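Asker: Quick one: the structure is below, and I'll ask about it shortly.
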Amino acid sequence: MNSPKPRPAWFQASWFHAAWVVARRDFVAVIFSKAFIFFLLGPLFLGFIGVLAGSIGSHVQHDLDRPQIGVAMPAHSGDALVVARNAMSGHMAGPVPEFVVLERLRTGETFDARKALKSGRGATHGGQLAAVVGGTLEAPVLTGTRERVDAWQGMVSAFAARAVQAAPAAYPAVTLDQVASTADTVRNGQLVTAQAGQTLLFLLTMLLAGMVLSNLVEEKANKIIEVLAASIPLDALFLGKLFAMLAVSLVGIAVWGAGYGALMLAGMRSLPILDAPAVGWPLFLVLGFLYFAMAYLLLGSMFLTIGGMASTVREVQTLSMPATMLQLIVFFLATYALARPGTWIETLSLVFPVSSPYAMLARAAQSGDLWPHLVALAWQALWVGLIIRFGAQLFRRTVMKSGPSQRRKRRWFALAKRQPA
Amino acid sequence: MKIDLGEWPVTGNAVDVSGRELAIEARGLVKRFDGFTAVDGVDLSVPKGSIFGVLGPNGAGKTTTLRMLLGIIDPDSGTRRVLGHDRPTDIARRIGYLPEERGLYPAMKATDAIAFLAALRGVPLKEGRRKGRELLEEHGLGYAADRQIRQLSKGMAQQVQLLGTLVHEPDLVVFDEPFSGLDAINQGKLERTMRGLAARGTTVIFSTHVIAHAERLCDSIAIIAGGKVPFAGPVDQARDRLRPQVRLETRATDGRWRTALPADARHEGAFWYFTLPESGVEPLLRALIEGEAGILSLSIERPGLHDAFVAIAGEAAARALEANSEEMESSR
């Protein structure tokens, strides 16, 4: 049997070796645990619940949202309005509510539209009465809630006009001349790709980065932290733990991606079509991987720092909600900035370290320039290092009780206050 | 703070008076936690290849001192030099540490746990596994090599951690309360292990509040009480802090010889008990004989380390308490 090639002496003796030892231990411990199977199955449950909720929701929506407009007009005016609606509905943009004759009014007869809307009587086929058209074809009166009357007034006016005047014999046929894309569709398509990329990045980091919160609890609960702190620098411990969880996440993504691909193939379905990003698909995928790693490391290093302060699983659970909120805020910032290119909010989302990966991935979908990505990746890596350093020092100071005592700090502050202005 | 180092002064050249190199040299270590002074000006000098005991009552500051020497925490003031380095973490690979609160990853196999601890100290994983297996075999735990830590008894898990502490063949081993939780047989085994390490030139420093272990094992000790070190030096020197105790049995109940006894001599049953006068045993004997005491028996007992410890740590603890009270008063 060939023995593995020994690592160079500089590596064996280095800070990286310490991080590597911790990362290897954590990675193996997670990957070969039974809990990891459930972790891998997680998205399956999520998908199942999503499909179930979507199906129920669409049924409910179908049952609930079938608005009808009641017609209460003199003599045959109402019938003429319904005929006009049926004739024109195919030429209108968007859904056209069904028209239902509520009352054919005789001369001098009136109709209380408000009362009809309140009672809801008169709707047919399981629909809901959402508005009532009264008055005459020349001067129709539309009664309904503000949103409804605002949305439908133009349509009712058009139908009434058609009912009054002779309609054209036929609508002319339009010859279609299609082009593959326009500047507008490319821009919109890339915007959709950018949004999809951001959303996927967010979902993956939200799903995976939270695991890091509880990462130091095991060491503290099992009292291993003393041995670790005596053996290796805490920065290396933090870095090792972070990269171990990143590797675990990548294994998870690989498994889920393969599973999704296999399902698509088995069902002979194609993957959702998105417009090609500005940098092209291969580079976009590479950047997506890099930005995921950076987003994970940035959030993970923060979570590791926060979680390091917790000494029990219960405390970690308490911390997980604010952590999720933080992720959401970052995502909303990046999404909000997406539609506002060139504004200060976009600059903020690009520069703010935690939102930078999301914003830069969106940029990759919309702009072909590559150098900003190199700068952004370096910037983000710098912040990963800074947060790890800060986290390790905070951990050392607060948990390991090292560093200057509180009394000395208080004295320092007292001294600073005494300085003449 | 003035610390009595006895005849154990330390030179700046990291050697003791007898020219032995020092593995650990600490000067004026101070550590405060939220206003409470846990360690208050500790000086330590541990010669290379010796077994050094840090003795003290619970809460005396032993663990904090050891943690500072290991670099787990930094002192608020003072200096430390471990194996010739100012930053102990720089030479962590030459140090073994068994903390008071033992801990291993429960899901790890015994061999892997030792290999992991070795890897933390720079030993390649494969070599660590091989050495771990060898050590387990040597210590009669070969059958547990592939068992998870959670499947082992507490004592066995402690032994696995001990082997993990030693697997990388460190130059300095720090044990924090190593005997706690061990049965008598395993305590004996650990004592033999410590002697074996010292015989091979490894410096061993351990903390304990069980004096018997220190008395049997240590070349030198430091007594810590209230965060201070009232004594540091060879074990014999600590014992010599107390005068030998005399037990005397006489035929005569009274007479001139009574003037030879010190004023605090007490009479219990047939015996007189008192501290041997500084003039020594010969003048005492002469006075007793000339005074016609009729000596039936006379024994002189050298005090044990336990007596010395109680005397030294007790006084120091009282002083520390007074100092703390004064400090609180002055800070108001």
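The values are calculated or read from the model by the stated rules, or taken from the named source; none is laboratory data. All values reported here derive from a predicted model rather than from experimental measurement. Backbone-built Cβ (ideal geometry, glycine too); neighbour counts: all protein chains shown.
Asker: Could you check region B:41-61 and list, in sequence order, the residues that are surrounded by 24 or more Cβ atoms within 10 Å (Cβ to Cβ) and either within 14 Å of chain A (Cβ to nearest Cβ) or free of Cβ contacts under 8 Å to residues at least 24 places away in the same chain (or both)?
Answerer: Once the filter is applied, which keeps residues that are surrounded by 24 or more Cβ atoms within 10 Å (Cβ to Cβ) and either within 14 Å of chain A (Cβ to nearest Cβ) or free of Cβ contacts under 8 Å to residues at least 24 places away in the same chain (or both), region B:41-61 yields only B:Gly61.
Asker: Return the only residue of A:Phe45, A:Phe27, A:Phe11 being away from chain B (no Cβ under 12 Å) and at pLDDT below 90. Step through it out loud before you land on a result.
Answerer: Working: A:Phe27 fails: at pLDDT below 90; A:Phe11 fails: away from chain B (no Cβ under 12 Å).
After ruling out the rest, the residue left standing is A:Phe45.
Asker: Return the residues of region A:85-127 that are among the small types (Gly, Ala, Ser) and more than 17 Å from A:Val141 (Cα to Cα); say none if nothing qualifies. Spell out how you get there, then give the answer.
Answerer: Our first condition is that a residue be among the small types (Gly, Ala, Ser); within region A:85-127, this holds for A:87, A:89-90, A:93-94, A:108, A:113, A:116, A:119-120, A:122-123, A:126-127.
Selection gives A:Ala87, A:Ser89, A:Gly90, A:Ala93, A:Gly94, A:Ser119, A:Gly120, A:Gly122, A:Ala123, A:Gly126, A:Gly127.
Asker: Let me ask something else. I'm trying to understand the selection: among the residues of region B:65-106, which are assigned to a loop (DSSP other than H, G, I, E, B), in contact with a Gly (Cβ under 7 Å, 6 or more places away or on another chain) and facing chain A (nearest Cβ under 10 Å)?
Answerer: B:Asp74
Asker: For residues that are in a loop (DSSP other than H, G, I, E, B) and either touching a residue at least 40 places away in the same chain (Cβ under 8 Å) or closer than 9 Å to A:Ser311 by Cα (or both), tally how many sit in region A:207-224. If you could, list the steps in order and put the result at the bottom.
Answerer: The first filter runs over region A:207-224 and keeps only residues in a loop (DSSP other than H, G, I, E, B), leaving A:215-216, A:222-224.
Next cut, either touching a residue at least 40 places away in the same chain (Cβ under 8 Å) or closer than 9 Å to A:Ser311 by Cα (or both) only: A:215-216.
Qualifying residue count, region A:207-224: 2.
Asker: Which condition number does A:Ala130 fail, the rest of (1) touching a Pro at 6+ places or on another chain (Cβ under 8 Å); (2) assigned to a helix (DSSP H, G or I) being met?
Answerer: For A:Ala130, the exception is condition (2).
Asker: Just wondering, is there one or more residues in region B:305-317 that are modelled with pLDDT of 90 or more, of a type in the set (A, V, I, L, M) and in a helix (DSSP H, G or I)?
Answerer: Within region B:305-317, the subset modelled with pLDDT of 90 or more is none.
Checked region B:305-317: no residue is modelled with pLDDT of 90 or more, of a type in the set (A, V, I, L, M) and in a helix (DSSP H, G or I).
Asker: Tell me which residues, restricted to region B:177-208, are among the hydrophobic types (A, V, I, L, M, F, W, C) and either touching a strand residue (DSSP E or B) at 6+ places or on another chain (Cβ under 9 Å) or exposed (fewer than 12 other Cβ atoms within 10 Å of the Cβ) (or both). So that I can check it myself, show each step before the final result.
Answerer: Start the filter on region B:177-208 by keeping residues that are among the hydrophobic types (A, V, I, L, M, F, W, C), which leaves B:179, B:182, B:184-185, B:190, B:194, B:197-199, B:204-206.
If the condition is that a residue be among the hydrophobic types (A, V, I, L, M, F, W, C) and either touching a strand residue (DSSP E or B) at 6+ places or on another chain (Cβ under 9 Å) or exposed (fewer than 12 other Cβ atoms within 10 Å of the Cβ) (or both), then B:Phe179, B:Ala184, B:Ile185, B:Leu190, B:Met194, B:Leu197, B:Ala198, B:Ala199, B:Val204, B:Ile205, B:Phe206 are the ones that fit.
Asker: Considering only region B:168-178, I want to know if a residue exists there that is under 20 Å from B:Ile51 (Cβ atoms), facing chain A (nearest Cβ under 9 Å) and at pLDDT 95 or above.
Answerer: As a first pass, look at region B:168-178 and keep what is under 20 Å from B:Ile51 (Cβ atoms): B:168-178.
Still in the running and facing chain A (nearest Cβ under 9 Å): B:174, B:176.
Next cut, at pLDDT 95 or above only: B:174.
Scanning region B:168-178, I find at least one residue that is under 20 Å from B:Ile51 (Cβ atoms), facing chain A (nearest Cβ under 9 Å) and at pLDDT 95 or above, so the answer is yes.
Results for (1) away from chain B (no Cβ under 14 Å); (2) charged (D, E, K, R); (3) in contact with a helix residue (DSSP H, G or I) (Cβ under 8 Å, 6 or more places away or on another chain); (4) in a helix (DSSP H, G or I), shown as yes or no for each residue.
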{"position": "A:Asp235", "(1), (2), (3), (4)": "no, yes, yes, yes"}
{"position": "A:Lys241", "(1), (2), (3), (4)": "no, yes, yes, yes"}
{"position": "A:Asp275", "(1), (2), (3), (4)": "yes, yes, yes, no"}
{"position": "A:Val279", "(1), (2), (3), (4)": "yes, no, yes, no"}
{"position": "A:Val286", "(1), (2), (3), (4)": "yes, no, no, yes"}
{"position": "A:Tyr296", "(1), (2), (3), (4)": "yes, no, yes, yes"}
{"position": "A:Gly307", "(1), (2), (3), (4)": "yes, no, yes, yes"}
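Residues checked against (1) among the aromatic types (Phe, Trp, Tyr); (2) within 26 Å of A:Arg397 (Cβ to Cβ); (3) surrounded by 15 or more Cβ atoms within 10 Å (Cβ to Cβ):
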position	(1), (2), (3)
A:Phe289	yes, no, no
A:Leu297	no, yes, yes
A:Gly300	no, yes, yes
A:Pro322	no, yes, no
A:Leu326	no, yes, yes
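Asker: Further, regarding this structure: Tally the residues that are surrounded by fewer than 19 Cβ atoms within 10 Å (Cβ to Cβ) and assigned to a helix (DSSP H, G or I), restricting the search to region A:334-355.
Answerer: Matching residues across region A:334-355 total 6.
Asker: Of the conditions (1) more than 19 Å from B:Leu152 (Cβ to Cβ); (2) more than 8 Å from every other protein chain (Cβ to nearest Cβ); (3) surrounded by 23 or more Cβ atoms within 10 Å (Cβ to Cβ), B:Ala110 clears all except one; give me its number.
Answerer: (1)
Asker: Has region B:126-139 got any residue that is touching a residue at least 24 places away in the same chain (Cβ under 8 Å), in a loop (DSSP other than H, G, I, E, B) and either within 7 Å of chain A (Cβ to nearest Cβ) or more than 31 Å from the chain's Cα centre (by Cα) (or both)?
Answerer: No, every residue in region B:126-139 fails to be touching a residue at least 24 places away in the same chain (Cβ under 8 Å), in a loop (DSSP other than H, G, I, E, B) and either within 7 Å of chain A (Cβ to nearest Cβ) or more than 31 Å from the chain's Cα centre (by Cα) (or both).
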